[in-house]
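What follows is one structure encoded as structure tokens, with my remarks underneath.
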Amino acid sequence: MTIPEPRNGMSLVPAADAKATKKEFTSDQEVRWCPGCGDYAILAAMQSFLPELGLRRENVVCISGIGCAARFPYYLNTYGMHSIHGRAPAIATGLATSRPDLSVWVVGGDGDFMSIGGNHLIHALRRNVNLKLLMFNNRIYGLTKGQYSPTSEVGKLTKSTPYGSIDFPFNPVSLALGAEATFVARTIDSDRKHLTSVLRAAAEHRGAAFVEILQNCDIFNDGAFDLLKKPETRDTAVVRLEHGQPVRFGVDGQKGVRLSPQGGLDVVDVAAVGEDALLVHDAHAPEPATAFMLSRLGNVDDGVTPVGVLRSVERPTYDDQVRRQIDDAVATSGPGDLAALLASGDTWTIS
Amino acid sequence: MGVRGVSKEVRQKDRVIIRFAGDSGDGMQLTGDRFTSETAELGNDLSTLPDFPAEIRAPAGTLPGVSAFQLHFADHDVMTPGDRPDVLVAMNPAALKANIGDLPAGADVIVNTDEFTPRALAKVGYAANPLEDDSLSAYQVHAIPLTSLTVKALETFEISRKDAERAKNMFALGLLSWLYHRPVESTLAFLQRKFAAAPELARANVTASNAGWNFGETTEAFTVRYEVKPAVMPPGLYRNITGNIALAYGLIASSQRSGLPLFLGSYPITPASDILHELSKHKRFGVRTFQAEDEIAGVGAALGAAFGGAIGVTTTSGPGVDLKSETIGLAVTLELPLVVCDIQRAGPSTGMPTKAEQSDLLLAMFGRHGEAPVPIVAPLSPSDCFDAAIEAVRIALKYRTPVFLLSDAYLANGSEPWLLPDVASLPDLRVEFATEPNHTKADGTAEFWPYLRDPETLARPWAVPGTAGLEHRVGGIEKADGSGNISYDPSNHDTMVRLRQAKIDGIVRDIPPLAVDDPTGDAEVLVLGWGSTYGPIGAAVRLVRESGAKVAQAHLRHLNPLPANTGDVLRAYRRVLIPEMNLGQLALLIRARYLVDAISYTQVRGMPFKSDELVDALRDVIDT
Ligand code: SF4
């Protein structure tokens, strides 16, 4: 399949005449998250980062479902819709498919995207609609006051699981890769620089970009990502993936990741095997197998968590192809003629 | 005159009802469609009723596997597909058994004797061959070995025996075309097109059709031919059209007349899928069709497209409406245009997917949590689906509201001749998007208030993304009157609930009054209907009047709001009868709204009313 131009996620979105400010992208609405919520950091990052894209503010749209994260559109001074629990990817698909001139962002939580809206998420990903899907994963239901979520660890004690949860959780990155996503990344709410770089890569990607943002809910699941954040543990926990670079982590990069002879990945001491033996991260690999293995390298609970862009490949987008079919039909047969359409098929005249 | 010159008497008839019936694999729908085209071309008025099983290939030779197509044509105005067939074409014992009960005494029955084997007879519970005992003595039975005659006619063709046997429907069509003097040229041209890739099959099917015609001319099984003269119809260009195609065309016309792109979000479901199929062909009109992952995504995407300035449409049937309810509620509070086409079928749950019912009226009225009023428009005949679709889009665009279009399986698949409208005379549906701020802040700066309403229509401004200066957020949370900001203020909610209701109620000023057909002006009984019962009610009213009794008829196009004069109309009659294909849903609304003691007359057999039963129901009411 040939990939039609354009190849940048924003190429059909009109550019701003002058660079906007963070203030201009900030709405006048009072932000109502709990003090200390990780959502504040993500909002601040987005409000600063969006102007940098150089797009007209009126051509940016943020669509959300329901949940704490889903209040996001109210705080961005762009067009926005706070819709229905789980349905934001579907609504955004309709908008992006009919309006190529918009940069469409979808914001939701782990309940929104992985639970009630799981179906819409996987189909938006496989279709490769030009949407940026940001999933704030706090591994808990916040707005409904603290039930376990589809990303909560087994055994979690919550209001609805007083004996410990028994559902096996999703790994969101693995799920997205399995759903044929063309862009999959993970980042952390508190790491502004990393978060911004991942968001930029997502914005530039033409197609569906899935970004899992690990987000602290300090009311119902405080400290869920402390291993990744605390100075004493973060170096050994966070595996920063960079395209074209060997996969290394740990204090001073002492540890690395190597393709195991048995298949799968091994964590090794770099000093023992040498850097040349390490896996070099290829985000553009046509097949998602290695990205999938990386996504399962560890998890937050055992303290090894890969972050960064796991996969970024080109594939024709759904919305571009819809437009292409329409353009081709008009180019081949001319624009539709209503009177001729009504009179198509067998007709007869009564005089 | 046939080759052997058997002379045939020609009899004039004013109307004929034919039912083709066979296995679902026998091609009965195609045969019916072709006979319909020939009949339309001849200039008869007509109405059709396809009736097929939900299963694609139900077990062969069984009663549930019977697929039928009924056609009523006449030299005058036809209102229904007809109650009782004058002619039954039965391709096997199952088709005979399933349909014989509907025939009046003296009807013609053409049976394919090749299929009347002991095994096939036993399969449907015939202890003895009905062709050999006197159980069919009330009918004119024409026992014809259709399959073997077809195979024989095609013996020189290089096609498989199976292909030869399958052409038996064209043999039957040729025979019926001969019997009723139908012009077959369009069918022959159709066969050439259909089998363009297999010329031998094309020739074989043409030959089978000709063989059927010639058989009629030469056999002694038929001594009489019939003629039905063309009907007197208004002059103009006509085509035959089904409800689903007319509905699809109405949506395309709405896009053309509004200048807005059409976006369909839909999930396949019987009997609505043909609208998706049809619209997906018309990319030249800029139509975007999105086959969604589920019903919810279908309506969600349509709403998303509407937010972006498109005509957002979703097509479905009852089970899909259940799933879409939450999104329709969101559209109510977002106050964005959205058209929800519900092609009603027999429920509850899966029910009978290919059979018609009018049982989603109250679902459309009330099937959402909270106070969530939605206008409802209903077509009354297959071709009327075109106008009803345009009306639904008109209301949605003008009042920024979701609108229900309630068609049903009978309208969807049934067909009738359609006098093509003059495109330039279709309603002008242009709307204006908001382009400027509409409110001044205390500090004198201008801003945009998404919920500042048009004082006349109470519609809010439609400001689409890409419009500088009008950036705004909308959502499901209650909004402050005017500014649209989130508001949990109790009295604001009270205001907003009432405003949303008042907006829908106010549409009453923008729809025509309920018209009453009461020729003498002194009828005491009114029959009130909505949707697809228009034909059967009209036919029954005609019969009652012909017998000298008086009855008035009114039919609702708009179910919400109801026309302003509805109460006055109802109160002007001593009795009001409301026939419906549900258990009295419109009657419930009418009684609640107008305190009128309307009489509900209902059936839910999945098929349209028979005019005869409505005549009886009307007489009962007139006589008491
Ligand atoms: S409940 Fe948790 S996620 Fe929700 S706003 Fe409060 S801290 Fe944030």
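The values are calculated or read from the model by the stated rules, or taken from the named source; none is laboratory data. In this text the structure is predicted, and so the values were computed from the model without any measurement. Note that each Cβ is placed from the backbone with ideal geometry, even for glycine, and that neighbours are counted across all protein chains shown. SASA here: full protein model, heavy atoms, side chains in, ligands and nucleic acids out. Shrake-Rupley method; radii C 1.70, N 1.55, O 1.52, S 1.80 Å.
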How much solvent-accessible surface does A:Cys68 expose, in Å² to the nearest 10, with a 1.4 Å probe and all protein chains in place? 40
Phi-based couplings in Hz for the stretch A:273-280 (Karplus 6.51, -1.76, 1.60; Gly and Pro marked x): 9, x, 5, 4, 7, 7, 5, 9
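Return the tail of the calculated pair distribution for the stretch B:147-275, meaning the percent of Cα-Cα pairs more than 24 Å apart. Display every interim value, and only then the final one.
Working: 4356 of 8256 pairs.
Everything past 24 Å amounts to 53 percent.
Other chains' Cβ within 10 Å of A:70-82 residues: what's the mean?
Values: counts 2, 4, 1, 3, 6, 1, 2, 3, 4, 12, 7, 12, 8.
That works out to 5 on average.
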Cross-link partners among aspartates and glutamates for B:Lys194, C-alpha distance below 20 Å, same-chain residues fewer than 8 apart left out? A:Asp346, B:Asp26, B:Asp33, B:Glu38, B:Glu41, B:Glu158, B:Asp163, B:Glu165, B:Glu185, B:Asp274, B:Glu278
So in the protein assembly as shown, what percent of DSSP beta bridges are antiparallel if you round to the nearest 5? 40
Going by a ≥ b ≥ c, the root eigenvalues of the Cα gyration tensor, does the stretch B:236-292 fall in the rounded group (a/c under 1.5), the prolate group (a/b larger than b/c) or the oblate group? oblate
Can you return the lysines within cross-link range of A:Lys19? Criterion is Cα-Cα under 23 Å, with same-chain partners fewer than 8 residues away left out. A:Lys132, A:Lys193
Residues with amide H under 5 Å of A:Met81's amide H, sequence separation 5 or more or different chain, H placed in the peptide plane at 1.01 Å from N; which? A:Cys62, A:Ile63, A:Ser64, B:Val474
Could you run the Karplus curve 6.51 cos²θ - 1.76 cosθ + 1.60 with θ = phi - 60° over the stretch A:153-167 and give me ³J(HN,Hα) per residue in whole Hz, x for Gly and Pro? 6, 4, x, 5, 8, 9, 4, 9, 9, x, 9, x, 6, 10, 7
Counting other Cβ atoms within 10 Å, which GluC sites (Glu not before Pro) in the stretch B:476-559 have at most 12 and lie in a DSSP loop? none
Quick check for you: with a 1.4 Å probe and neighbouring chains kept, what is the accessible area per residue of the protein assembly as shown, in Å²? 38
From the phi of every residue in the stretch B:318-329, what ³J(HN,Hα) in whole Hz does the Karplus formula 6.51 cos²θ - 1.76 cosθ + 1.60 yield, where θ is phi - 60° and glycine or proline is x? x, x, x, 4, 3, 6, 7, 3, 5, 6, 5, x
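Report the far tail of the P(r) of the stretch B:22-154, meaning the percent of Cα-Cα pairs longer than 20 Å.
Working: 4203 of 8778 pairs.
Looking at the stretch B:22-154, the distances longer than 20 Å represent 48 percent of pairs.
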Just for the stretch B:339-464, what percent of DSSP beta bridges are antiparallel, to the closest 5? 25
In terms of modelled amide H atoms, which long-range or inter-chain residues lie less than 5 Å from the amide H of A:Gln147? A:Tyr141
For the stretch B:358-455, the spread of Cα positions along each principal axis, largest first, Å: 63, 40, 18
Set of lysines with alpha-carbon distance to B:Lys479 below 19 Å, sequence-local pairs under 8 removed: B:Lys441, B:Lys503
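Ignoring ligands, DNA and RNA, what percent of the accessible area of the stretch B:402-516 is carbon or sulfur (1.4 Å)?
It is 53 percent, rounded to a whole number.
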The protein assembly as shown: calculated mean residue ellipticity at 222 nm from DSSP helix runs of at least 4, using -39500 (n - 2.57): -10000 deg cm²/dmol
Among A:Tyr40, B:Tyr249, A:Tyr318, what's the order by accessible area (1.4 angstrom probe), most exposed first? A:Tyr40, A:Tyr318, B:Tyr249
Cβ-placed point charges (K, R +1; D, E -1), dipole of chain A about Cα centre in debye, nearest 20: 500
Tensor-based shape of the stretch B:346-395 (alpha-carbon gyration tensor, a/c under 1.5 rounded, otherwise prolate or oblate): oblate
On the accessible surface of the stretch B:112-219, probed at 1.4 Å, how many percent belong to carbon and sulfur atoms? 52
Which semi-axes, in whole Å and largest first, does the equivalent ellipsoid of chain B have when worked out from the alpha carbon gyration tensor as the square roots of 5 times its eigenvalues? 50, 28, 21
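For the stretch A:161-206, what does the alpha-carbon gyration tensor say about shape, rounded, prolate or oblate, given a ≥ b ≥ c as the root eigenvalues, a/c under 1.5 as rounded, and a/b over b/c as prolate?
Details: a/c = 5.24, a/b = 1.64, b/c = 3.20.
Taking the square roots of the gyration eigenvalues as a ≥ b ≥ c, the stretch A:161-206 is oblate.
May I ask for the equivalent-ellipsoid semi-axes of the stretch A:1-126, computed as the square root of five times each C-alpha gyration tensor eigenvalue and listed largest first in whole Å?
Numbers: eigenvalues 105, 95, 24 Å².
Three semi-axes, in Å: 23, 22, 11.
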Determine the equivalent ellipsoid of the stretch B:437-589 by diagonalising the alpha-carbon gyration tensor, then write out the semi-axes as square roots of 5 times the eigenvalues, largest first, rounded to whole Å. 47, 15, 14
DSSP beta bridges in chain B [antiparallel fraction, %, rounded to 5]: 35
